[in-house]
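Trainee: Right, I'll just put the structure down here and ask away after.
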Amino acid sequence: MKCKICGSANISQVIDLGKQPFANKYPRNKFEIFKEKKFNLKIFFCKRCKASQIKRIVNRKILFEDYYYLSSVNKKLKEHFENLSFKLKKYNFVVDIGSNDGILLEPLKKLKISSIGIDPSKNVGKIANDRGLKTFIGFFDNRMIKKILKEYQKPDLIVASSVVTHLKNPILFSKNIKEFIKKNGTLIIEIEYLQNFLKNVEYERFYFDRPFYYSANSIKELFKNVQMKLYDIERIDVHGGSLRFYIKNSLDCKITKRCEKILNNEKQTLNLNTFKLFNKKIYQHSKYLKDQLIRFKRRNKIVIGYGCPARVSTITNFSKINSDLIKYIIDDSPLKQNRFTPGMHIKILPRKNNLSNINVVMVFAYEYFKDIKKIFKNKKVIFFKPIPFTKLL
Ligand SMILES: [Zn+2]
């Protein structure tokens, strides 16, 4: 196996998360549970570009045409994209790849910045179009580029937030960007940062939807190959600590100090040893989580979960946690309600009528804990982050 970002053969398996289902497929009923498939989830690390990747890349069509994640449900994420939109005032035409329900297109429209979105999910893309936020439904590929360029000019800014991690073929993506973007145009990429997963023991961020876990060095390599230059990196506060990369369609620009610093830091700290240590912690923390849940059960405590993002699947399937230990999970997205979690089949319910007689809340959507805590005001419950198992106050 070769690295699908830089082509190096210097690649080794570093994590084995066992048999896992698709983390964003929430079965509706017994029949869909019966049809559910599981595959081995193994993570590899490339010593050259310092990225991680999954060997098995599941057909993107199966995963994304029918999707259940609505960005705009998350207040914090909405704020994040509003803030980003203010930075984009100087651009003439913005294309948002993976625009979801129009979470960035909406504030751009308010600022009168010309913009369109591209999203593969028919159901989510329709929501955006119905709200008057122009969204092309389909994957970002050659055909899509031709279709857009028939009606629009080349964009001087492309945004790809939480997208590159989901790609099947990053090299092809970089070539397509090069073809699509205006000369001297800017590409903004946002990713959840691998270094942060490792630091915070967030193995739950690995699942089949996302075959690639980038380092700053791997982003630099990927776009260097198409004569584009990574020149700045911002640390941002979404998805438990992410990076925002600025890449210019020109080799003629200066690299910022903070960009250089992150690139150099990876060279020193991101290696096989980091993963060895991480792997050990995964087992320790998962066992501890399960032991705690068993303890609650013995003491007749009612435990529920709050928030059902994809990570619920990775954690519960790896730690073998089912509805014996977590009675149900509340999620505010109507698309997930009254379905089951992938693999372990814990019921997902709406907030309404399901907040009484609870002792313990496992906060899976821990980024939104402040908001979640408010929902339970006047109720005597204790909150925990599942991995690493931590009491939340
Ligand atoms: Zn590589």
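The values are calculated or read from the model by the stated rules, or taken from the named source; none is laboratory data. Every value quoted in this text rests on a predicted model; they were computed, and no experiment measured them. In this analysis, Cβ positions are derived from the backbone assuming ideal geometry, glycine residues included, and neighbour counts consider all displayed protein chains.
Trainee: Given 347, 391, 370, which one is among the basic types (Lys, Arg), at pLDDT 95 or above and farther than 27 Å from residue 36 by Cβ?
Mentor: Answer to the check: 391.
Trainee: Sticking with this one: So residue 6 ticks every box in (1) out of contact with any Asp or Glu (no Cβ under 6 Å at 6 or more places or on another chain); (2) at pLDDT below 95; (3) within 16 Å of the ligand (Cβ to nearest atom) but one. Which box is left unticked?
Mentor: Answer for residue 6: the failing condition is (1).
Trainee: Under 8 Å by Cβ, and 6 or more places apart or on different chains, what pairs join a residue from segment 175-187 that is farther than 15 Å from residue 221 by Cβ with one that is of a type in the set (S, T, N, Q) and exposed (fewer than 15 other Cβ atoms within 10 Å of the Cβ)?
Mentor: Correct list of pairs: 176/142; 179/142; 182/153; 183/250; 184/250.
Trainee: Considering only residues that are part of a helix (DSSP H, G or I) and under 16 Å from residue 389 (Cα atoms), look in segment 298-322 and name the one that is modelled with the lowest pLDDT.
Mentor: Among residues in segment 298-322 that are part of a helix (DSSP H, G or I) and under 16 Å from residue 389 (Cα atoms), the one modelled with the lowest pLDDT is 311.
Trainee: May I pose another question? Say whether the condition of being over 24 Å from the mean Cα position of the chain (by Cα) and either assigned by TED's automatic domain parsing to the domain that holds residue 243 or more than 15 Å from residue 246 (Cα to Cα) (or both) is met by at least one residue in segment 164-177.
Mentor: Looking for residues that are over 24 Å from the mean Cα position of the chain (by Cα) and either assigned by TED's automatic domain parsing to the domain that holds residue 243 or more than 15 Å from residue 246 (Cα to Cα) (or both), one finds none in segment 164-177, hence no.
Trainee: Would you mention how many residues in segment 375-393 are surrounded by fewer than 16 Cβ atoms within 10 Å (Cβ to Cβ), farther than 19 Å from residue 301 by Cα and in contact with a helix residue (DSSP H, G or I) (Cβ under 6 Å, 6 or more places away or on another chain)?
Mentor: 1
Trainee: Shifting gears a bit: From the set of residues in segment 1-10 that are in contact (Cβ under 8 Å) with a residue 24 or more places away in the chain and of a type in the set (A, V, I, L, M), which is surrounded by the fewest Cβ atoms within 10 Å (Cβ to Cβ)?
Mentor: 1
Trainee: Test residue 246 against the criterion of being part of a loop (DSSP other than H, G, I, E, B) and in contact with a Ser or Thr (Cβ under 8 Å, 6 or more places away or on another chain), and give yes or no.
Mentor: No; evaluated as a whole, the condition is false for this residue.
Trainee: Sticking with this one: Write out, first by first residue and then by second, each pair whose Cβ atoms fall under 8 Å of each other, whose residues are 6+ apart or on separate chains, and whose first residue, in segment 249-266, is among the hydroxyl-bearing types (Ser, Thr, Tyr) while the second is in a loop (DSSP other than H, G, I, E, B) and crowded, with 18+ Cβ neighbours inside 10 Å.
Mentor: As it stands, the answer is 250/228, since those pairs meet every condition given.
Trainee: Among the residues of segment 195-242, which ones are surrounded by fewer than 23 Cβ atoms within 10 Å (Cβ to Cβ), assigned to a loop (DSSP other than H, G, I, E, B) and polar (S, T, N, Q)?
Mentor: The answer is 200, 225, 227.
Trainee: Sticking with this structure for a sec: Which of (1) in contact with an Asp or Glu (Cβ under 8 Å, 6 or more places away or on another chain); (2) more than 22 Å from residue 375 (Cβ to Cβ); (3) in contact (Cβ under 8 Å) with a residue 60 or more places away in the chain does residue 315 not meet, given it meets every other one?
Mentor: (2)
Trainee: When you look at residue 280, is it in a helix (DSSP H, G or I), of a type in the set (Lys, Arg) and exposed (fewer than 13 other Cβ atoms within 10 Å of the Cβ), yes or no?
Mentor: yes
Trainee: Still on this structure, please answer the following. Look at segment 316-329 and say how many of its residues are closer than 21 Å to residue 74 by Cα and crowded, with 24+ Cβ neighbours inside 10 Å.
Mentor: 1
Here's the yes/no breakdown for (1) modelled with pLDDT of 95 or more; (2) in contact with a Lys or Arg (Cβ under 9 Å, 6 or more places away or on another chain); (3) of a type outside the set (S, T, N, Q); (4) within 16 Å of the ligand (Cβ to nearest atom):
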{"residue": "56", "(1), (2), (3), (4)": "no, yes, yes, no"}
{"residue": "63", "(1), (2), (3), (4)": "no, yes, yes, no"}
{"residue": "72", "(1), (2), (3), (4)": "no, yes, no, no"}
{"residue": "79", "(1), (2), (3), (4)": "no, no, yes, no"}
{"residue": "84", "(1), (2), (3), (4)": "yes, yes, yes, no"}
{"residue": "87", "(1), (2), (3), (4)": "yes, no, yes, no"}
{"residue": "108", "(1), (2), (3), (4)": "yes, no, yes, no"}
